[in-house]
Amino acid sequence: MITGSCLCGGVRYAIDGKIGPALNCHCSMCRKVTGAAFRSRVAVPTKHFCWIAGEDLLTRYESSPGTIRTFCRVCGSTLVSMFDDNPNTLGLPMGTLEDDPGIRPAFHVFVGSKASWFEITDELPQYDALPAAPMVRTDGSSS
Ligand SMILES: [Zn+2]
Ligand SMILES: [Zn+2]
């Protein structure tokens with residue numbers, strides 16, 4: 001079981017099951033929503049995820065057609081993203097995790113939108129968009 005929460009602690013969640021893959025997203029929306037150079041995100045099967053507190057504090061926001069982002073309306077922490085075309089998977093911002101999820105971001109995506117002031121200095125693969133589905137659905141190991 002892995003747990004996580006927003007900054008104020010009002011919203012808490014738990015994950016029970018295998019998750020992944022994890023990636024670093026450099027798209028302009030993830031940069032805006034986090035205020036950071038990129039967002040580290042892990043794919044979580046919806047069936048393995050549950051809110052354990054504060055679900056009523058969530059605000060939902062459609063950031064692009066079919067993609068719903070959520071955040072805590074008290075502290076503003078971003079929480080899961082939901083996808084109309086893939087309701088079985090959630091996008092979880094890894095910065096809200098409290099436990100080590102056991103996997104690490106395995107690649108960078110949307111590097112074409114990367115912040116001009118940030119340089120990627122690791123050896124992970126870089127993609128201009130999301131890689132093809134089979135790759136995204138791997139178990140998140142770095143191979
Ligand atoms: Zn909060
Ligand atoms: Zn993004």
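Every number in this text was worked out from the coordinates using simple rules, so none of it is lab data. None of the values given here were measured: they were computed from a predicted structure. Note: ideal-geometry Cβ built from the backbone for every residue, glycine included; neighbour counts use all protein chains shown.
Proximity of backbone amide H atoms, modeled 1.01 Å from N, is registered between residue 114 and no other residue at under 5 Å, excluding neighbours fewer than 5 places apart on the same chain. The calculated FRET efficiency for residue 29 paired with residue 122, based on their beta-carbon distance and R0 = 30 Å, is about 0.85. Scanning residues 5 or more positions from residue 107 or on other chains, those with amide H under 5 Å from its amide H are 24, with H placed 1.01 Å from N in the peptide plane. Using θ = phi - 60° in the Karplus curve 6.51 cos²θ - 1.76 cosθ + 1.60, the 3J(HN,Hα) couplings for the range 18-30 round to 6, 10, x, x, 10, 8, 10, 9, 9, 5, 5, 5, 5 Hz; x is entered for Gly and Pro. Computed 3J(HN,Hα) for the range 52-68, one whole-Hz value per residue from the Karplus formula 6.51 cos²θ - 1.76 cosθ + 1.60 where θ = phi - 60°, is 10, 7, x, 4, 6, 8, 6, 10, 9, 9, 8, 7, 8, x, x, 10, 9, glycine and proline marked x. Only DSSP H runs of four or more residues enter the estimate; each adds -39500 (n - 2.57), and after division by the residues of the chain the mean residue ellipticity at 222 nm equals -1500 deg cm²/dmol. By DSSP, the beta bridges lying fully in the chain are antiparallel in about 90 percent of cases. With each label modelled as a point 7 angstrom along the Cα→C-beta vector, the residue 1-residue 75 pair spans 2.0 nm. Using θ = phi - 60° in the Karplus curve 6.51 cos²θ - 1.76 cosθ + 1.60, the 3J(HN,Hα) couplings for the range 113-127 round to 9, 3, 4, 5, 8, 10, 10, 7, 10, 9, 9, 5, x, 10, 10 Hz; x is entered for Gly and Pro. Annotation: amide H of residue 90 within the under-5 Å range of 44, 46, sequence separation 5 or more or interchain, hydrogens built in the peptide plane. For the pair residue 62 and residue 16, the difference between a 0.36 nm per residue extended length and the Cα-Cα distance amounts to 13.9 nm.
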